[in-house]
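Take a look at the structure set out below.
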Amino acid sequence: MSQGNRTKELQEEILKLKKGENIFLPAHNYQRPEIQEIADVLGDSLELARLAQKEIKADTIVFCGVDFMAETMSILNPDAEIYVPEPKARCPMAMMCPKNILIKAKAEHPDLPVVLYVNTLAEAKAEADVICTSANAAKVVKALGAEKVLFGPDKNLADYVEKKTGVKTIPVPEDGYCIVHVRFAPEMILELKRKHPNAVALVHPECEMEVQNVADIVGSTSFMFNYVKESKEKEFIIGTEIGLIERMKREIDGNKILIPASEKAICRNMKLNTLEKIRDVIINKPKENMVKVPEKVAEKARGALEKMFQLTK
Ligand code: SF4
């Protein structure tokens, strides 16, 4: 059987199982295209967090993304049964910010609010005053009205927020980063701009400031998606994980030319989820694939997430 037929067959099998069991399947923009095609909803961290806030009328959620996203779903939906196709799909950036370094930073700066990127584990979120996403980080920090904040774990997003708001960010840890987005270099964007002088260059705020400085627009994946969709321009250089471009190709007017800033911008952690694993988790519901944040931690983390929703209403 060809690979294409095998993919189709697995997709059909999952859709059938999903319908029979009332399963909800959300997926992040960086998931493999064959998963994106059958997801109930696609989005970035903010969109998926907002979705988690809503009442989901499904008995079970199979969440396709990385660990912290499924945890966020669990924090905001404590009664839902949540599974992940692959428990090893973890975000290295989230692991750079364990709760003990936050406790230390808070002791050193007891008067500063703690703003944490949603790309953190639940135990870290429980130490935060407020959570933000790349889509709303500047808005959240500005709304706090503070002159200085502790901000973790992404140093590049912290720099972006500082530039946008004028609020001083103290990064926790000092050098947290996304292993995918730091691979972009300013020369890559400049070279593509030379080759495609009419293209608009969009990059993610997880890219280093030197890269952000040579781009035309800096924004989250949802922002990039909507920008390209609505724009009257024809050519775009896209500086983020390749999965977003797959989604754009499928959902946006085919006359638009999408140029990846790097074909190698692949988050291997996101790609650990596969159709086979989704099918198997639906059938077997293994305990080790279940995500349930303990209520003691979830309660504190929920407060920080709700503060984000409140500040960005
Ligand atoms: S793209 Fe970067 S921040 Fe997102 S899950 Fe992968 S490593 Fe983490």
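If you go through the range 74-93 one residue at a time, do you hit one that is within 16 Å of the ligand (Cβ to nearest atom), over 19 Å from residue 286 (Cβ atoms) and in contact with an Asp or Glu (Cβ under 9 Å, 6 or more places away or on another chain)?
Yes, the range 74-93 contains a residue that is within 16 Å of the ligand (Cβ to nearest atom), over 19 Å from residue 286 (Cβ atoms) and in contact with an Asp or Glu (Cβ under 9 Å, 6 or more places away or on another chain).
Go through (1) assigned to a loop (DSSP other than H, G, I, E, B); (2) within 21 Å of the chain's Cα centre (by Cα) for residue 271 and report which single condition fails.
Among (1) assigned to a loop (DSSP other than H, G, I, E, B); (2) within 21 Å of the chain's Cα centre (by Cα), the lone unmet condition for residue 271 is (1).
Please determine whether any residue of the range 146-169 is under 17 Å from the mean Cα position of the chain (by Cα) and more than 24 Å from residue 309 (Cα to Cα).
no
For the range 180-189, name all the residues that are surrounded by 14 or more Cβ atoms within 10 Å (Cβ to Cβ) and either assigned to a helix (DSSP H, G or I) or within 19 Å of the chain's Cα centre (by Cα) (or both).
180, 181, 182, 183, 184, 186, 188, 189 - these are the residues of the range 180-189 that are surrounded by 14 or more Cβ atoms within 10 Å (Cβ to Cβ) and either assigned to a helix (DSSP H, G or I) or within 19 Å of the chain's Cα centre (by Cα) (or both).
Filtering the range 14-36 down to residues that are assigned to a loop (DSSP other than H, G, I, E, B) and under 18 Å from the mean Cα position of the chain (by Cα), which residue is farthest from residue 219 (Cα to Cα)?
25
As an exercise: evaluate residue 281 against (1) without any contact (Cβ under 8 Å) to a residue 40 or more places away in the chain; (2) more than 14 Å from residue 189 (Cβ to Cβ); (3) of a type in the set (A, V, I, L, M) and give the number of the one condition it does not meet.
Tallying (1) without any contact (Cβ under 8 Å) to a residue 40 or more places away in the chain; (2) more than 14 Å from residue 189 (Cβ to Cβ); (3) of a type in the set (A, V, I, L, M), residue 281 fails exactly one: (1).
Hey, residue 104 hits all of (1) in a helix (DSSP H, G or I); (2) closer than 24 Å to residue 180 by Cα but one; which does it fall short on?
Residue 104 satisfies all of (1) in a helix (DSSP H, G or I); (2) closer than 24 Å to residue 180 by Cα except (2).
In the set 167, 161, which member is more than 15 Å from the ligand (Cβ to nearest atom) and either touching a residue at least 60 places away in the same chain (Cβ under 8 Å) or touching a Ser or Thr at 6+ places or on another chain (Cβ under 9 Å) (or both)?
161
When the range 97-114 is examined, which residues are found to be β-branched (Val, Ile, Thr) and either touching an Asp or Glu at 6+ places or on another chain (Cβ under 7 Å) or on the phi > 0 side of the Ramachandran plot (or both)?
Passing the criteria: 103, 114.
Out of 170, 131, I need the residue that is more than 19 Å from residue 223 (Cα to Cα) and either modelled with pLDDT under 95 or hydrophobic (A, V, I, L, M, F, W, C) (or both). Which one?
170
Applying the selection to the range 254-274, what residues are touching a Lys or Arg at 6+ places or on another chain (Cβ under 8 Å) and farther than 10 Å from residue 31 by Cα?
Hits for the range 254-274 are 255, 256, 257, 258, 262, 264, 265.
What are the residues in the range 94-112 that are more than 16 Å from the ligand (Cβ to nearest atom) and either under 23 Å from residue 206 (Cα atoms) or touching a Lys or Arg at 6+ places or on another chain (Cβ under 9 Å) (or both), if any?
Once the filter is applied, which keeps residues that are more than 16 Å from the ligand (Cβ to nearest atom) and either under 23 Å from residue 206 (Cα atoms) or touching a Lys or Arg at 6+ places or on another chain (Cβ under 9 Å) (or both), the range 94-112 yields 99, 101, 102, 105, 109, 111, 112.
The values are calculated or read from the model by the stated rules, or taken from the named source; none is laboratory data. Quick caveat: nothing in here was measured; it's all calculated off a predicted structure. Don't worry about glycine lacking a Cβ; one is built from the backbone with ideal geometry, like all the others, and counts go over all protein chains shown.
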